[in-house]
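Student: To start, I am sharing the structure in question, which I have written as C-alpha cells.
Since every read-out is calculated from the coordinates, none of them should be taken as a lab result. Just so we're clear, the structure is a prediction, and the values are computed from it rather than from any experiment. Cβ placement follows ideal geometry from the backbone for every residue including glycine, while neighbour counts extend to all protein chains displayed.
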C-alpha cells in the first residue's frame, strides 16, 4: 500500500508538471522537460522494486501452490484470516469467507496425517539360579539372557466410526500376531464391537500385555489353568456395553466368541477341530470410588471351549478378580498402593472323569517414592489334568522407573512344584519404549 501511494503521488506531480509546462513561456520548456524526465526515471525505478517484491512473495508461497487473494495491483488486499478461536481451531475465518483451506507444514505434514501411531517396546530378561521344572508344569524357566519380547504397535483412527490396533510380537523363536483388531465405536444403543485377534476379557491378567504386567512373569494360575503366557488370545468377535447402574458405579458387560484355539504346548486350554468348536467368554465388570483417593474394581468371568482330548470334551472356566487402588491426590506422584487378587475354577472333561482344579494369586505393590516401587505375590495353582498336583510359589519385587519410557525391575521367585523339586530364581528385567503407544484399558 505504501508503494502504491508513492506512485500515485509521483503521477500527480508529473501531471502537475505537464500542466505547468503548458502554461509557462517557451523559455522555461527545457527546465520543465528535465523535471518530467526525472520523474519518469523515478517511476521506472519504483516499478522495478514492485516487480522484485512480487517475485519474493511468489517464492515464499505454500508448496501446494495456494496463495492469498490479491488485488488489482497484485498485492495481498484480500480478506484477513481470522485469528485462532478459543478452542484452538485455526483458519475458520478463511473458510468462512470462501478462501482456500489452510495448509500447515506442507505436503510432508499431510502425508504424516495418514500414517498410524507407531511404537516399539523392548523386554530384556536375565535369569540366575536353578529351575528344574517338570515338563508337565506350565511355568517354564527363563534362559540366562534373552530378549523376551519386542512388541511393535500400529494404532490409528480408521474413520469417524472405527479405529484399528495391531500389535506384533517379535521373539527369539519368531514373529507372532499378538493382537490385531478393529473397534467399532459408533454402534446404536451404546454397543462397542471388535473383530480380529484379541486377548479375551477373562479376568485381569489375561487382558494385559507383558510390558504392563506388575511382575516379570505371570502367576502360576495363568500358566496352569488359563493357557500359559499367551492365555486366551484368539481370532473372534467381541461386543460390550455399559449397563445402567446406581450413581457412582460403572458397570460393563462383555460377550465374546472365538475360533476355539487357545493355549500353548505346555499349557493347552482350548482346541478346535471343527468349525462348530468355538469358545466363548463372558465378563461382567464393576468399578466404583470408595473415596477421593481409593477405588475398587471387581469382575466375574466365564469361558467355555473344547479341549485337546476331543470335540466332545469341554473345559469350563469360572473366574473372579478384584483390584483395590489407593492414590492420594496431594502425593499422587510419590505414593500409591495397589492390591490384586484373582481366582479361577476349572472343570475339564476327560477320561475317566471330569477334573476340577483351582488356582489363585494375591499381590500387593507400594510406591516408595517418585521412581521406586516394591511388591510381593503369592501363587497357588493345581494342574488342570490332575487336581492332585499342586504348585505353589512366592515372589518379591523391586522396580525402578528412570522415566515413563524405561523400567528396571528385579524379582526373586521361589516355586515349589508338585513333583517335589523347588526352584529359586533371581530375575532381572529392562524395558524401554519408543514411539506413540496408546494407553491400555484401565
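Student: Which of the three applies to the stretch 214-277, rounded, prolate or oblate, going by the alpha-carbon gyration tensor with a ≥ b ≥ c and a/c under 1.5 meaning rounded? Present the calculation step by step, with values, prior to reporting the outcome.
Tutor: Values: a/c = 3.66, a/b = 1.41, b/c = 2.60.
Since a/c reaches 1.5 but b/c is at least a/b, the shape of the stretch 214-277 is classed as oblate.
Student: Same structure, new question: Name the shape class, rounded, prolate or oblate, that the alpha-carbon gyration tensor gives for the stretch 337-427, where a ≥ b ≥ c are the square roots of its eigenvalues, rounded holds for a/c under 1.5, and otherwise prolate holds if a/b is larger than b/c and oblate otherwise.
Tutor: Prolate.
Student: Please tell me the relative contact order of the stretch 119-435 in percent, rounded to the nearest whole number, where contacts are Cα pairs under 8 Å and at least six residues apart.
Tutor: Relative contact order for the stretch 119-435 comes out at 15 percent.
Student: Hey, another quick one. Report the Cα centroid-to-centroid distance between the stretch 327-365 and the stretch 194-221 in angstrom, as an integer.
Tutor: 12 Å
Student: Is the C-alpha gyration tensor of the stretch 119-435 telling us rounded, prolate or oblate? Criteria: a/c under 1.5 is rounded; beyond that, a/b larger than b/c is prolate, otherwise oblate.
Tutor: rounded
Student: Can I ask one more? Return 147, 221, 360 ranked ascending by Cβ neighbour count within 10 Å, so the fewest neighbours appear first.
Tutor: Starting with the residue having the fewest Cβ neighbours, the order is 147, 360, 221.
Student: If you find the alpha carbon centre of the stretch 272-307 and of the stretch 370-435, how far apart are they in angstrom?
Tutor: With the stretch 272-307 and the stretch 370-435 each reduced to a Cα centre, they are spaced 24 Å.
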